[in-house]
1. Testing residue 231 on (1) outside any helix (DSSP H, G or I); (2) surrounded by 17 or more Cβ atoms within 10 Å (Cβ to Cβ); (3) among the acidic types (Asp, Glu), one condition comes back false. Which one is that?
2. Name, by its number, the condition in (1) touching a Phe, Trp or Tyr at 6+ places or on another chain (Cβ under 8 Å); (2) without any contact (Cβ under 8 Å) to a residue 24 or more places away in the chain; (3) among the hydrophobic types (A, V, I, L, M, F, W, C) that does not hold for residue 501.
3. Does residue 649 satisfy the condition of being more than 25 Å from residue 781 (Cβ to Cβ), touching a helix residue (DSSP H, G or I) at 6+ places or on another chain (Cβ under 9 Å) and crowded, with 24+ Cβ neighbours inside 10 Å?
4. Checking the conditions here, which among 682, 701 is assigned to a helix (DSSP H, G or I), within 28 Å of the chain's Cα centre (by Cα) and either within 24 Å of residue 775 (Cβ to Cβ) or within 16 Å of the ligand (Cβ to nearest atom) (or both)?
5. What residue, of 505, 470, 496, 463, is more than 16 Å from the ligand (Cβ to nearest atom) and either closer than 30 Å to residue 830 by Cα or among the β-branched types (Val, Ile, Thr) (or both)?
6. Can you find even one residue in the range 513-531 that is within 16 Å of the ligand (Cβ to nearest atom) and not in a helix (DSSP H, G or I)?
7. Can you name every residue in the range 599-616 that is β-branched (Val, Ile, Thr) and more than 9 Å from the ligand (Cβ to nearest atom)?
Amino acid sequence: MTTSTEFQFTDYQPYDFANRRHIGPSPAEMDDMLKVIGYQNLDALIDATVPSSIRQQVPLTWGAAMTEREALDKLRETANKNKALVSLIGQGYYGTITPPVIQRNILENPAWYTAYTPYQPEISQGRLEALLNFQTMVCDLTGLDVANASLLDEATAAAEAMALAERVSKSKAKAFFVDEACHPQTIAVIRTRAEPLGWTVIVGNPFTDLDPVDVFGAIFQYPGTHGQIHDFSGLIARLHQTGATATVAADILALTLLKSPGDMGADIAIGSTQRFGVPVGYGGPHAAYMAVKDAIKRSMPGRLVGVSVDARGNRAYRLSLQTREQHIRREKATSNICTAQVLLAVMASMYAVFHGPKGIKAIAQQVHQKAVLMAKGLEKLGYAIEQETFFDTITVEVGHMQGLVLRAAVAEGVNLRKVGETRIGISLDERTRPATLEAVWRAFGGAFAVAEFTPDYRLPKDLLRQTDYLTHPIFHMNRAESEMTRYIRRLSDRDLALDRAMIPLGSCTMKLNATAEMLPITWPEFSEIHPFAPADQALGYKEMIDDLSEKLCSVTGYDAISIQPNSGAQGEYAGLLTIRSYHLSRGDAHRTVCLIPTSAHGTNPASAHMAGMTVVPVKARDNGDVDLDDFREKAEKYADTLSCCMVTYPSTHGVFEETVRQICEITHAHGGQVYLDGANMNAMVGLARPGDIGSDVSHLNLHKTFCIPHGGGGPGMGPIGVKAHLAAFLPGHVATDGRPGAVSAAPYGSPSILPISWSYCLMMGGEGLTQATKVAILNANYIAARLTGAYDVLYKSEAGRVAHECIIDTRPLAESSGVSVDDVAKRLIDCGFHAPTMSWPVAGTLMIEPTESETKAEIDRFCEAMLAIREEARDIEEGRMDKANNPLKNAPHTVEDLVGEWTRPYTREQACFPPGAFRVDKYWSSVNRVDNVYGDRNLVCTCPPMSEYAEAAE
Ligand SMILES: *Cc1c(COP(=O)(O)O)cnc(C)c1O
């Protein structure tokens, strides 16, 4: 028998680890860390770091933090308010079956979803190969030469195609022709993009309304939004006669059966790869594609994966033409694409690998058969199908019956597309079952069975595809699932993602993406809702979006939120357009100047340029702060034409500048608006609010601060918050309020990943979020303290503190030992780390951001690696190690280095197991250092022939 003194009830709550889940250091570890930095407690550190002038007055409160189970219950309850009907709406979004092997092993696998953009190629070979497969797939199907590694959505890709056409076409015209058969959201986003740049958009029937002399380019939809299929070869040839550029927006699945855009002579093809296994998810995220003719590849926006060699001459992948990256081009940038849709592109490419050309063709044929059967049933009922030939979509005139039929279909559990007031559109897809066809016929008043009809073909005979696709061996692997599982596993094993090690990327906030937050995104009630489904079927989404928006307003101090932008950079663009519309509404069309500090992220000037603004750079002081005198001078000089300024807070130098309020005041005093880049909100949540500081608009990177994983370079979400006076000018959407200004194809961008951010907020509560911010600041200051002495911390506040990240200077090493910032980054790979952000915002430096999620042990492991690297450089400085042949120059070391003769002046032990590296769980880079120059000189952006694979493996 146990007495009450022997047995005590614990007050420890096993599920109540909201704060512990996301917060790395334990309370005891925090005490130790504070001692190293020299503060009594966390609040003292925060008080010394965050200027009191910007501290928020009221704490963040919105009820108690939920446990994991409570939050999941809440998400379940919310999901149940969505009704996932069978959708035959089409219009760019189609039912698709995600092969379970892809869902489980990619979409739900942290090895894939927690990876970062593959800027460090040696630790990214897996996702680079998957993206190369994607590019190869897109080139094959479109019949064009070069494809990029994804864009944000089909409508954005169309707008990018227009901008590309304007850059490369020889025509001097300033108008762009848009096929009226383009999806309405595509037309809307093109209009948004064209307007500030002063280009005219002509929408019409290309066969009757297009005069090539008038335009620099044209876009045609193939098949058209209502299902019609046309041959554009003749029109394209006419466009080329005047030097104009032709774009075809093509359905990726239809291309398996139809003549490719390349064969029609198109210069550019764009579209969505959603129906290659990526759920509709109420609009996104999905990967758009863009492919171009070889002649214009160097002008193409977005990232491009290419093939190069490593230091041993083995094949290695990398991002090609990295100098095209927007932070280098700044105001010369032609696009602001930074975060794209890597994870979704990987899924779509794996769908092609999984099914192979025969499988995909069979899927396309089945979809077409279903469409033909659907047409036959309707014809039997006396309806005339508008399209003589079609792929998956048909449209019928139903007159005053429209409402009746649509409602009857909903009662049968099916959504059809409402077209105008008298027509109905029907798009069939991979998921459509015979019972669905019969249900639709019933809604139209017919009681037939599918078996009554014989399927035949109604594709245009002269447009049938004659060329092969997906011929590369990678699309022809053995169809046993074991092969697929292992291929996916092999690729992910080549990569270093957050599931293996801290990724201390300054400004990119690589924090925990908690599993409980990820679970709901694949629930059908979230993933299977069509973006244009009737509003009453998406009440759960509405509730979530409204509540999340409210929470984001209280975090930022803004009054209204638009959830539409699909990335931070799209948020910037949307925010600047909002400012522009505001000025226009006041008759201030001449206000077009945008002040941007030279330290800004490259997307800032790129977005300003896209919004039709003139960028005026503002100097930075030696300590990294914005030069207030220069700012004031420029604001005065451009007082009459000032539109806005763009500032990042805390600054890109990782410091809370004291002068931010003054910057806002000066801007306002000269009639401008303030755009505060919110990428660094992880340093502010709960402590300071942009809206209180004097800013008018900001974007939030939900894939940084609010736990959406980076997915290897996307998805992302960049909602913008604005003050009340700007609320009326936020982006509209054809599908919701009918207002102009859409920046994304779908009204709410990529809503199916919002459950991640929302559950993060629910499980943290206001208090937990504030604690996360404090610990993010603690972790960064701890690193700065531990590395001081070995490295210079470049920027600190007057009190000697950094915000949530710190920049360390490796330039002295270059002088003393010839060790470059690149060498340090590559040596970190040997230690089992992804390098911090390199050479930004200052060349030759590393910007380290640990986030609150990292434990003291992991941070210490990183610091020990950095300190050891400093000692290795010292060995060179002091002549103990060769200047050219040393562990830093030869990094990363691979298993290849362990075999054969060893002639280096250091041991294999030193090479492969530097401080930080795990012994048993050692991360081995799959390639040695990648040759960047070689890859750019010999641009190869599709899968190399299999013979080269064999060669590389030898
Ligand atoms: C990440 C980042 C951006 C761009 O965000 P994306 O989502 O990648 O488009 C803009 N500004 C800063 C300071 C950033 O760190």
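1. (2)
2. (2)
3. So residue 649 fails the test.
4. 682
5. Matching residue, one of 505, 470, 496, 463: 496.
6. Checked against the condition, which is being within 16 Å of the ligand (Cβ to nearest atom) and not in a helix (DSSP H, G or I), the range 513-531 yields at least one hit.
7. 614, 615, 616
Listed here are the residues, each with its yes/no results for (1) more than 20 Å from residue 47 (Cβ to Cβ); (2) touching a strand residue (DSSP E or B) at 6+ places or on another chain (Cβ under 9 Å).
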| site | (1), (2) |
| --- | --- |
| 760 | yes, no |
| 773 | no, no |
| 816 | yes, no |
| 822 | yes, yes |
| 842 | yes, yes |
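The values are calculated or read from the model by the stated rules, or taken from the named source; none is laboratory data. Given the structure is predicted, the values throughout are model-derived calculations rather than measurements. Note: ideal-geometry Cβ built from the backbone for every residue, glycine included; neighbour counts use all protein chains shown.
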